[in-house]
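In what follows, a single structure is set out as structure tokens and then discussed.
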Amino acid sequence: MAFTKVALVAEIAPGTAKQVIVNGRTLGVFNVNGAFYAIDDTCTHRGAPLSEGECAGTEVTCPWHGARFDLTTGGHLSPPAPRGVTAYKVQLVGDEVQVDVS
């Protein structure tokens, strides 16, 4: 595993997300009550940035057409998205949020 620093904990407030680019991949990093999750930031329906969607627990709703995704697995929970997105392992080291994109 090769974890890469993507943000500081203070940069992503609880209930929000940040778009980051790691090794050419665009990810959304989400803070759910102090637990951090990272998924591909592109909705599989029309390519919307999921990091701009509304979070409810460990679900994010696509800001364009309302497809829902599970932040823990990347799985899609509702249409119109035809499939899920990739979820990545996240670790906190001190005040750094690190993601494994290997």
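The values are calculated or read from the model by the stated rules, or taken from the named source; none is laboratory data. What you see is a predicted model; the values in this text were computed from it and never measured. Neighbour counts are summed over all protein chains in view; Cβ atoms, including those assigned to glycine, are modelled from backbone coordinates with ideal geometry.
Considering only residues of region 75-95 that are surrounded by 15 or more Cβ atoms within 10 Å (Cβ to Cβ) and in contact with a Ser or Thr (Cβ under 8 Å, 6 or more places away or on another chain), which is farthest from A7 (Cα to Cα)?
A81
So D41 fits all but one of (1) touching a helix residue (DSSP H, G or I) at 6+ places or on another chain (Cβ under 7 Å); (2) in contact (Cβ under 8 Å) with a residue 60 or more places away in the chain; (3) among the charged types (D, E, K, R); what number is the exception?
Checking D41 against (1) touching a helix residue (DSSP H, G or I) at 6+ places or on another chain (Cβ under 7 Å); (2) in contact (Cβ under 8 Å) with a residue 60 or more places away in the chain; (3) among the charged types (D, E, K, R), the one that fails is (2).
Report, by residue number, each residue of region 26-54 that is part of a strand (DSSP E or B), surrounded by 17 or more Cβ atoms within 10 Å (Cβ to Cβ) and under 10 Å from the mean Cα position of the chain (by Cα). Spell out the reasoning first.
Keep residues of region 26-54 that are part of a strand (DSSP E or B), which gives 26-32, 35-40, 42, 49, 54.
Of the ones still in play, those that are also surrounded by 17 or more Cβ atoms within 10 Å (Cβ to Cβ) are 27-32, 36-40, 42.
Across region 26-54, the qualifying residues are L27, G28, V29, F30, N31, F36, Y37, A38, I39, D40, T42.
Could you say which residue among A67, A35 is touching a His at 6+ places or on another chain (Cβ under 6 Å), among the aliphatic types (A, V, I, L, M) and at pLDDT 95 or above?
A67
Taking region 45-89 as the region of interest, how many residues are in contact with a Lys or Arg (Cβ under 7 Å, 6 or more places away or on another chain) and free of Cβ contacts under 8 Å to residues at least 24 places away in the same chain?
Going through region 45-89 one residue at a time, the tally reaches 6.
Against the condition within 12 Å of the chain's Cα centre (by Cα) and of a type in the set (G, A, S), how does S78 come out, does it pass? Quick ask: steps written out before the conclusion?
Details: within 12 Å of the chain's Cα centre (by Cα): no; of a type in the set (G, A, S): yes.
Criteria not met by S78.
Pull up region 1-25, narrow it to residues that are touching a strand residue (DSSP E or B) at 6+ places or on another chain (Cβ under 7 Å) and part of a loop (DSSP other than H, G, I, E, B), then point me to the one that is nearest to Q98 (Cα to Cα).
Once the filter is applied, the top-ranked residue is A2.
Report the residue count in region 1-26 for those that are aliphatic (A, V, I, L, M) and under 13 Å from D40 (Cβ atoms).
Just the residues of region 1-26 that are aliphatic (A, V, I, L, M), to begin with: 1-2, 6-10, 12-13, 17, 20-22.
Checking which are under 13 Å from D40 (Cβ atoms) leaves us with 17, 20-22.
So the answer is 4.
Among the listed residues V85, V101, V93, V97, identify the single one that is more than 17 Å from G34 (Cα to Cα), aliphatic (A, V, I, L, M) and more than 12 Å from the chain's Cα centre (by Cα).
Details: V85 fails: more than 12 Å from the chain's Cα centre (by Cα); V93 fails: more than 17 Å from G34 (Cα to Cα); V97 fails: more than 17 Å from G34 (Cα to Cα).
One residue alone meets the criteria, V101.
Sort out which residues of region 56-74 are surrounded by fewer than 16 Cβ atoms within 10 Å (Cβ to Cβ), out of contact with any Pro (no Cβ under 8 Å at 6 or more places or on another chain) and assigned to a loop (DSSP other than H, G, I, E, B), and write them in order of number.
Hits for region 56-74 are G57, T58, T72, T73.
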